[in-house]
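Some notes on the structure that comes next.
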Amino acid sequence: MLLSYVVSPTIILDVALMAILIIVAFSIVRMRSLFAIVMLQGVYSLVSAAWFVSLDAVDVAFTEAAVGAGVSTVLMLAAMLLANRKSDPVPISKQIAPLLVVLIAGLAMFYAIGDMPAYGDVNSPANTGVGMDYIERTTKEIHIPNVVTAVLASYRGYDTFGEAVVIFSAGLGVLLLLGLNGNAGRWTARPTGRQIYPPIAPSANSRLIASRDNIKLSKGSIIEKPSSVNLRKSKNNRLKDKGNN
Amino acid sequence: MIIAFLSAVVLDSNLVWTEILQICLSCLAIASGLFFVLAGSIGVLRFPDFYTRLHAAGMTDTLGAELILIGLILQSGFTQTSLKLLMIGFFLLLTSPTATHAIAHSAHTANLKPKLGKHSFSKVQRDRS
Amino acid sequence: MHDPHVILKVISKFLVPFIALFAFYVQFHGDFGPGGGFQAGVILAAAVILYALIFGLDAAKKAFPPSWIRIGMSLGVLLYGGTGVLTWILGGDFLSYGVLAHDPTHGQHYGIIAVELGVLCSVTTVMIAIFYAFGSRQPEVNEDNW
Amino acid sequence: MRHASLLTLAMAATWLMLSGYFIGMILTFGFISIILVVWMTKRLSILDNESVPYLNILKTCKYYIWLFIEIVKANIQVVKAVIGPNAEISPSLIKIPMHTDIDIAQTMFANSITLTPGTVSVDVQKDHILVHALLKEMSKPEDFYEMHCRSAKAVSIDLKDN
């Protein structure tokens, strides 16, 4: 009985996927290159989407695959272009406090495992409480096959409204900080050590660039600080980057 | 998979021969697809530089994934699911070479020089050690 | 000058309509299978973002100008909240869709569709907005470098 | 207009294939979404011969069947190179001449080269493709001429004589 439970193919698949998740998580923590971290986060999302599928949570898996592996990777890449490509190593003295927090939280979770119902327990809250009620009433009241949609949009309509508002306010926050056209406020960024000045940042305002023909901006050129020393230095940096790649 | 195959063919005695053929063919397709995926992963580990590894990774994309999809199509028979799987296969044929090309192209424009000339793996391993 | 990104352009031109159609399929089949406003919105935004990545941000902004994005963001939430207010006016509780039609099950149906449309609108535009906001900021990568 | 109607047809076929529900409500939604997709394509100004290559669909299918056999053949070679007992590779960069300057034919050809294992198209230029080949015996430019002809025929484009 126990043996058949242990070697059932789904359990093997679950354990394998969890192992991959843990390995990816550790390599994300140990990476220093931000580009690789963004890519690994995409991998993490995709693997966890596969894991959700094997847990029969298809809706969650779909969301994870679309949001986590799809769009958020692109958004992270777009955000990464504004920052340095490599993170600085953190000194060990600064790592102790986070380690303590993580250890305590992990121990608390292990302590809480004792109160968890067994996997697939009939008497667990998920199988006796309001969930069963929804499953029974959806067929009678709403007549749609997918209970998840019924719960999301109708029974838990307030929550989903809150989620929509959260997404709206997230967008609003980004717009307030950055602006849709990238020309809100004075702004400087240092991607790989180069500095870009707001009024002539390449895509900040194309009309402005067009009016400054005497500076001769070719499309997509990066504006350097006008001192020659700095210019040469950044050129060297770029060459070095190429060599490293 | 072998267990599933055996249990499907041997235990279920009232199968029509077309169904047996269907199961056999789909198992064969999936197994060979898995073989190509495995060969591709070994290639990624063994090959010496970026471009050659790209070849190995591309192999898992094309033939490995396509054969697995063909196996799944055979298994589901003539249904809507197999139509959807066919669409996935078609889009895979379009997108995976595009992605491979994009990666190779960006490596080329970033001045990554490929290793040319002959390579035998024994020599590569000796170099590493 | 020959365009070095011929393949990317041709393939993405071919794929964008399919991605958008798949997004709508996910949206309208949320009642029958996995899917719904959130996923559909993200996929629809992915179609626009793919276009912007290949053809440049300016082309995407010309097709879907930022002012539309700004309107769409608030329109989505407004549609969701408006459904709730409508049920109020018709004599029900906030977001109890049963009053939207004579038959309460039909009312539930209409309500769910309206609400999911609101979510689709809001999620799509917010994703595009975030991409526009970050993308406009980036120092443009040299044409030959990607 | 021709492009829009072709795209509408293709989208309708895709919708029916995906959906499989023939209820009035879903079909109405499908109609609305197809119109939205066509409008969006028009709006993004990508509604041209390349996004709507559906007139040659039979030829293209035939070509892909031929290509699949080629892929299988090449794959066996590459697998031998990967896990053979005395595995040896000889990577090389070659230029393959191209006799067309129409985007879709170039794409078709370059993608076919990439799909065939052992060769990856690295850079597409005006009159040639730079190809990275894994094995020496795969890297003869004249071997690719047949693939070039067939891929051009699959999208109904004649090659320039050279």
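Computed from the coordinates by the stated procedures, all read-outs in this text should not be read as laboratory data. From a predicted model like this one, the values you see are computed outputs, not experimental measurements. We place every Cβ from the backbone using ideal geometry, glycine too, and count neighbours over all the protein chains shown.
Numbers for the structure displayed
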quantity: nm² value of the averaged projected area, convex hull over the Cα atoms of chain D; calculated: 12.2 nm²
quantity: Long-range amide H partners of D:His128 with built H, under 5 Å; calculated: D:Met98
quantity: Kirkwood-based Rg to Rh ratio, segment D:77-162, C-alpha trace; calculated: 1.02
quantity: P(r) tail fraction, segment A:46-126 - alpha-carbon pairs more than 16 Å apart, %; calculated: 74 percent
quantity: Positive-end extreme of charge dipole, segment A:1-89 - chosen from A:Val15, A:Gly70, A:Met31 (charges on Cβ); calculated: A:Met31
quantity: FRET efficiency for A:Ser169 and A:Gln95, using Cβ-Cβ distance with R0 set to 35 Å, rounded to 0.05; calculated: 0.55
quantity: Binned Cα-Cα distances of segment D:2-43, short to long, each 10 Å bin given as a whole percent; calculated: 30, 55, 15
quantity: Calculated log₁₀ intensity ratio I(q)/I(0) where the Debye formula runs over C-alpha points of segment C:51-118, q = 0.12, 0.23, 0.28 Å⁻¹; calculated: -0.46, -0.87, -1.09
quantity: Rg/Rg_globular for segment B:25-110, with Rg_globular taken as 2.2 N^0.38 Å and Rg from C-alpha atoms; calculated: 1.23
quantity: Dimensions (Å) - segment A:73-164, Cα atoms, principal axes, largest first; calculated: 60, 40, 21
quantity: Ordering of A:129-139, C:97-107 by packing [mean C-beta count within 10 Å, highest first]; calculated: C:97-107, A:129-139
quantity: About the Cα centre, charge dipole magnitude for segment D:1-149 (Lys/Arg +1, Asp/Glu -1 at Cβ), debye; calculated: 380 debye
quantity: Ellipsoid equivalent to chain C - semi-axes via the Cα gyration tensor, in Å; calculated: 38, 17, 9
quantity: Highest-fluctuation residue, C:Phe55, C:Phe64, C:Phe32 considered, GNM on chain C with Cα pairs under 10 Å; calculated: C:Phe32
quantity: Ellipsoid semi-axes in whole angstrom, largest first, where each is sqrt(5λ) of the Cα gyration tensor of segment A:129-178; calculated: 32, 9, 7
quantity: Three semi-axes of the equivalent ellipsoid, segment D:34-79, Cα gyration tensor, whole Å, largest first; calculated: 35, 13, 8
quantity: Out-of-range pairs (alpha-carbon distance over 26 Å; input D:Lys126/D:Lys153; B:Lys84/D:Lys62; B:Lys118/D:Lys140; B:Lys118/D:Lys80; C:Lys9/D:Lys59; C:Lys61/D:Lys153); calculated: C:Lys61/D:Lys153
quantity: Spacing of the two label points (7 Å from each Cα toward its C-beta) at B:Phe35 and D:Lys126, in nm; calculated: 4.8 nm
quantity: Gap separating the Cα centres of segment B:47-104 and segment A:79-158, nearest whole Å; calculated: 33 Å
quantity: Shielding by partners, peptide A:74-87 (average Cβ within 10 angstrom, other chains); calculated: 4
quantity: Candidates D:Ile76, D:Ile26, D:Ile34, ranked by Gaussian network fluctuation over chain D, Cα under 10 Å, top entry; calculated: D:Ile26
quantity: Ranked list, fewest to most other Cβ atoms within 10 Å of each Cβ, for D:Glu88, D:Glu146; calculated: D:Glu146, D:Glu88
